[in-house]
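Report on the following structure.
The values are calculated or read from the model by the stated rules, or taken from the named source; none is laboratory data. Everything quoted here is computed from the prediction, not taken from an experiment. Positions of Cβ are generated from backbone atoms using ideal geometry, with glycine treated the same way; all protein chains shown enter the neighbour counts. When the accessible area is computed, the model is the full protein with side chains, heavy atoms only, and any ligands, DNA or RNA have been set aside. Shrake-Rupley method; radii C 1.70, N 1.55, O 1.52, S 1.80 Å.
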Amino acid sequence: MTETAPSTGTPVEATDLRRRTTQRRTLRVLVVAQVVGAIGTAVGPSVGVVLGDTVAGSEAASGLARTASTVGAALAGITLATLSLKFGRRPALVLGWTTAAVGAALLTVAAFASSLVLVITGMAMLGVGTSVGVQSAYTATDLADPVRRGRQLSLVVWAGTVGSVLGPNMGAPGAALAGAMGWPPLTGAFLIATVVLVVAAVVVLTLLRPDPLRLARELDRPRSGDRPALPRLREALPIIWRTPAARTAYISMICAHIAMIGVMTMTPVHLHRHGHSLTVVGLTISVHVAGMFAFAPLVGWCADRFGSRPVILTGQALFAAAAVNGFMAGDSAGGVTGALFLLGLAWSVVTVSGASLLSGAVDPHVRPLVQGTTDTSMNAAAAIGAGAAGLIAAGIGFNALALVAVVLVVPPIVVLAAGRGAPAGR
């Protein structure tokens, strides 16, 4: 007698084939959307903050625009997760990319109208695209083989590298486009962002079929066929806290994000005040971004091969090395750049392996809510961390700030030690 899958009555071989085939298609769609969409979202931190300064004539307005983007990402994390939970990944990702596109369009209008309100609103909506990128990486795990989960998640993370590099450089081609149309110079970059974000939404809308999360639930449904009750929002943190692997991932990812955002936010200010050019500042940030994304596939492979916990622990060592290098760098651009590269790499090592651990720790019917809660927590913590970093840097200096950041390796090490021997799943 042919063995059958308990969830569908389909032969196991056919079920596995359907899972693998859909996963390959899902990865292709997510990678394309991520490459295109990341170009649009990356315009915000570069051209968007300049627009805030241009419209209001103050650096504070630039900071407010950047904060609005972070707040938008934080609010989107839990919202998109709730939508995924109820309706599947495709509607949530489409709504997210579309919201970001509307935000880019509002920024185009803001450049015409010189409206700070429109700048802040547009940046908040554009910031949703950052959260969509994270949710896309999580989507790659819905149908993934557990032994390949880290690699497949990291592939989507890595795909964002292209957009993260191209997006901040849309200012020049955008200005040329705006000049040809007789528009204000900054409008062109946002017009390009609007178009590519719409393309990302259309790609997901038309090609992400079947919905990977809905299919995963169908294939993994218990023999009885009963559909588990969907969790409520307030249950997310208790689920994380009583699941050792999820708790480890959650704390590690939040601490990594605070450390990365806090030091990275103050780096341009530190270099500029010590007489380094904007070209040097840009190169330093580019090297930092390369550390964040370029090695993601290797990190995913290591997480699959050796386990997420040892890789997370390796990330803590890299954070400590980055902190020491940052402290010793002084006003040397080369020293600061090296520290920022290590900082980005440490963030990648912890975040990719942590996301893989988190995704494998909980059941599919609660996974989106747990992932979205983690994403929102990371962005909220980053906003607080960025503000605190400014106060610390002003009080004791940038180099001391880098050393203070090493404190953030302590909580992950504690939870890793406490969870030693705990199962990888629930």
Of the conditions (1) closer than 17 Å to residue 261 by Cα; (2) in contact with a helix residue (DSSP H, G or I) (Cβ under 6 Å, 6 or more places away or on another chain), residue 388 fails just one. Which one is it? (2)
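Residues in segment 342-351: is at least one surrounded by fewer than 18 Cβ atoms within 10 Å (Cβ to Cβ) and closer than 21 Å to residue 271 by Cβ? Steps first, answer last, please.
Filtering segment 342-351 for residues surrounded by fewer than 18 Cβ atoms within 10 Å (Cβ to Cβ) gives none.
No, there is no match, as no residue in segment 342-351 is surrounded by fewer than 18 Cβ atoms within 10 Å (Cβ to Cβ) and closer than 21 Å to residue 271 by Cβ.
For the condition surrounded by 21 or more Cβ atoms within 10 Å (Cβ to Cβ), outside any loop (DSSP other than H, G, I, E, B), among the aliphatic types (A, V, I, L, M) and modelled with pLDDT of 75 or more, what is the one hit in 14, 65?
Details: 14 fails: surrounded by 21 or more Cβ atoms within 10 Å (Cβ to Cβ).
One residue alone meets the criteria, 65.
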Is it true that some residue in segment 188-201 is out of contact with any His (no Cβ under 8 Å at 6 or more places or on another chain), surrounded by fewer than 22 Cβ atoms within 10 Å (Cβ to Cβ) and farther than 28 Å from residue 30 by Cβ? no
Could you list all residues from segment 266-324 that are open to solvent by less than 40 Å² (accessible area, probe 1.4 Å), outside any helix (DSSP H, G or I) and without any contact (Cβ under 8 Å) to a residue 24 or more places away in the chain? none
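Being within 25 Å of residue 358 (Cβ to Cβ) and among the basic types (Lys, Arg), is that true of even one residue in segment 190-211? Can you show your working first?
Filtering segment 190-211 for residues within 25 Å of residue 358 (Cβ to Cβ) gives 200, 204, 208, 210-211.
This time we only want the ones that are among the basic types (Lys, Arg), so: none.
Within segment 190-211, none of the residues are within 25 Å of residue 358 (Cβ to Cβ) and among the basic types (Lys, Arg).
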Exactly one of 226, 220 is modelled with pLDDT under 90, open to solvent by 60 Å² or more (accessible area, probe 1.4 Å) and under 22 Å from residue 150 (Cα atoms), and that one is 220
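Here is a check on your reading of the model: is residue 159 assigned to a helix (DSSP H, G or I) and crowded, with 24+ Cβ neighbours inside 10 Å?
On the way: assigned to a helix (DSSP H, G or I): yes; crowded, with 24+ Cβ neighbours inside 10 Å: yes.
Considered against the rule, which asks whether it is assigned to a helix (DSSP H, G or I) and crowded, with 24+ Cβ neighbours inside 10 Å, residue 159 comes out as yes.
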Based on this model, can you work out whether residue 108 counts as closer than 23 Å to residue 357 by Cα and open to solvent by 10 Å² or more (accessible area, probe 1.4 Å)? no
Residue among 164, 114 that alone is touching a residue at least 12 places away in the same chain (Cβ under 8 Å), open to solvent by 10 Å² or more (accessible area, probe 1.4 Å) and at positive phi: 114
Filter segment 356-387 for residues that are modelled with pLDDT of 80 or more and surrounded by fewer than 18 Cβ atoms within 10 Å (Cβ to Cβ); the one that is farthest from residue 139 (Cα to Cα) is 384
